[in-house]
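Below is one structure, written out as structure tokens; the observations come after it.
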Amino acid sequence: MAAQGLHRVSITGIGIVSCLGNDLETVGTALREGRSGLVIDPQRTELGFRSPLTGQINNFDPKILSRKQRKSMPDFAVWAYASARDALDLAGLSAAAIENEQTGLIYGCDSSCIAAVEQVDALLQRGETKGIGSGQIFRSMTSTVTMNLNTLLKTKGACWSLSSACSSGGHAIGQAADLIRLGRQERVICGGAQEINWQSMCSFDGLGAFSTRVDDPATACRPFDADRDGLVPSGGAATVVLERYDLAEQRGATILGELLGYGFSSDGEQLSVPSEDGLSRAMQSALQQSGLAANEIDYLCAHATSTPAGDAAEAGNIRRVFGAKTPRISALKALTGHELWMSGAAQVVYTTIMAQQGFTTASYNFERSDEGTAGLNILRETDSKPPGKVLCNSAGFGGTNSSLVIAFN
């Protein structure tokens, strides 16, 4: 029973467009077998990037929408639509079932860089603004995902994009769950989206934040490993359909999981260096709302991006919550790269896939810990035991942290 009359929150649908694949079966196989989605982008090499490594979306057909519909959408908004459509199909929700005030949309998204670049280029080339086109207004807004999906799906409830750097997707799912828990919405289509183009990544590259292991892209991203040297940028879109548990049961939906807790915090310290306790406060808050003790969590899906300072900080925060005996831990970014704004939402999709397909993904490319990452129970091989009680972490620039607790059994 939900505490104090609050509603329980179920997961009934998931969808994904990522560098691991564009459907649940393909992505599940990649997670199980350790198939990386990371590549070298020749254009980044030509442009003088320090690191040409990136995730890459393959075999995606944008013509699921008409040219007119796509006019106001950057590619990542189209990916978000595709993932939402798949999630709704899996949930068994028809168009009529979501065209109402009890269905909301919340996505994490913290930039739409490419559209801004394109409209400036158009002005400089033509010497006037008339040729820019009306669609660029909607493509360049940070809320481009939710405004376009609202028009396409015709939902009439909550509709906004949440911007909190690399924790955006995690916060979007947590906030959606809160709306359902409080009785403000009966269902929310939520998730995150991230563009992959080089234009959005050149300033990150200038900071020296990316791995330079260009000899073998598949092993470049090494979360928690002593030889990690930086993250690999990536992106795509991930969608989760959350519903009031009792209503999902009443309509005979398949319950994929239950979102038990959402915790958030901010470091209140530095812009780009995580603190010693910020993420642990989010984890403890999520556990408190879930009603679970730390020792009941059997799998932790880490944020770990493969940066020296970030991974060490997360390891310290995990030890602060779990002590000497941590749950099984893996960092999926070894395969996907850092999916930035969508990463927190993607983790929920990936862990749900694992639960459905009966395994827990290894933390690939991890060979040995250093002083900062020691003491964690990191999975070195894919485990045949699926995740049961799960904690998913995400964190972002500015010291913003999100933690979600999900039960799959």
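Each value in this text was obtained by applying a stated rule to the coordinates, not by laboratory testing. Worth saying up front: this structure is predicted, and the values here are computed from it rather than measured. Reconstructed Cβ throughout: ideal geometry from the backbone, glycine too, with neighbour counts over all protein chains shown.
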Have a look at A346, A253, A334 and tell me which one the Gaussian network model of the chain (Cα, springs below 10 Å) gives the largest fluctuation. A253
Dipole of the stretch 114-272, positive direction: furthest Cα of A238, Q270, F204, with charges on the beta-carbon: A238
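Hand me the GluC sites (Glu not before Pro) from the stretch 305-376 located in a DSSP loop with no more than 10 other Cβ atoms within 10 Å, in residue order please. Display every interim value, and only then the final one.
On the way: sites: E314, E339, E367, E371; in loops: E339, E367, E371.
Sites meeting the loop and neighbour criteria: E371.
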Cα-based Rg and Dmax for the stretch 325-409, in Å, come out at 13.0, 37
Who wins for biggest fluctuation among L38, L340, L376 in a Gaussian network model of the chain, springs between alpha carbons below 10 Å? L376
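So for the stretch 259-402, what are the equivalent ellipsoid semi-axes in whole Å, largest first, each being the square root of 5 times an eigenvalue of the Cα gyration tensor?
On the way: eigenvalues 86, 60, 46 Å².
Gyration-tensor ellipsoid for the stretch 259-402: 21, 17, 15 Å.
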Which entries of K154/K385; K71/K156; K325/K385; K71/K130; K154/K333 show an alpha-carbon separation above 28 angstrom in the structure shown? K154/K385; K154/K333
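First obtain the Kirkwood hydrodynamic radius of the chain from its Cα pairs, then insert it into the Stokes-Einstein equation at 4 °C and 1.567 mPa s, and state the resulting D in µm² per second as a whole number.
Values: Rh = 20.9 Å.
Translational diffusion coefficient: 62 µm²/s.
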Please compute, for the alpha-carbon atoms of the stretch 85-237, the extent along each of the three principal axes and give them in descending order in Å. 51, 50, 24
Inter-centroid distance (Cα atoms) of the stretch 244-260 relative to the stretch 93-120, Å: 24 Å
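Please go through the stretch 301-357 and write out the trypsin sites (Lys or Arg not before Pro) that DSSP classes as loop and that have at most 13 other C-beta atoms within 10 Å. Show your work: numbers first, answer last.
Details: sites: R319, R320, K325, R328, K333; in loops: K325.
For trypsin sites (Lys or Arg not before Pro) across the stretch 301-357 that sit outside H, G, I, E and B with at most 13 neighbouring Cβ atoms in 10 Å, the list reads K325.
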Under the Karplus curve 6.51 cos²θ - 1.76 cosθ + 1.60, θ = phi - 60°, whole-Hz ³J(HN,Hα) for the stretch 82-93, x wherever Gly or Pro sits: 4, 5, 5, 4, 5, 5, 5, 4, 5, 6, x, 9
Residue among A226, A193, A237 with the largest mean-square fluctuation in a Gaussian network model of the chain, springs linking Cα atoms under 10 Å: A226
If unit charges are put on Cβ atoms (+1 for Lys and Arg, -1 for Asp and Glu) and the dipole of the stretch 8-407 is taken about its Cα centre, the option from T45, G316, Y350 lying farthest towards the positive end turns out to be Y350
Give the relative contact order (percent, whole number) for the chain; include only Cα pairs under 8 Å separated by 6+ residues. 23 percent
Charge dipole (the chain, unit charges on Cβ, about Cα centre) - positive-most of T142, L391, W160: W160
When only alpha-carbon atoms count, how far does the stretch 1-153 stretch along each of its three principal axes, as whole angstroms with the largest first? 61, 42, 32
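So for F60, F138, F76, fewest C-beta neighbours within 10 Å to most, what's the order? Walk me through the numbers before you get to the answer.
Details: F60 15, F138 19, F76 28.
Sorted ascending by nearby Cβ count, the order is F60, F138, F76.
By counting other Cβ atoms within 10 Å of each Cβ, how are D370, D86, D215 ranked from fewest to most?
Working: D370 15, D86 19, D215 8.
The order, fewest Cβ neighbours first, is D215, D370, D86.
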Can you grab the distance from the C-alpha centre of the stretch 392-409 to the C-alpha centre of the stretch 271-303, Å, no decimals? 7 Å
Given +1 on the Cβ of Lys and Arg, -1 on the Cβ of Asp and Glu, and no further charges, what dipole in debye does the stretch 8-407 carry about its Cα centre, rounded to the nearest 20? 880 debye
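How would you rank T219, T45, T155, T361, going from fewest to most other Cβ atoms within 10 Å of each one's own Cβ? The partial results should precede the final answer.
Numbers: T219 17, T45 12, T155 23, T361 27.
With the fewest neighbours first, T219, T45, T155, T361 line up as T45, T219, T155, T361.
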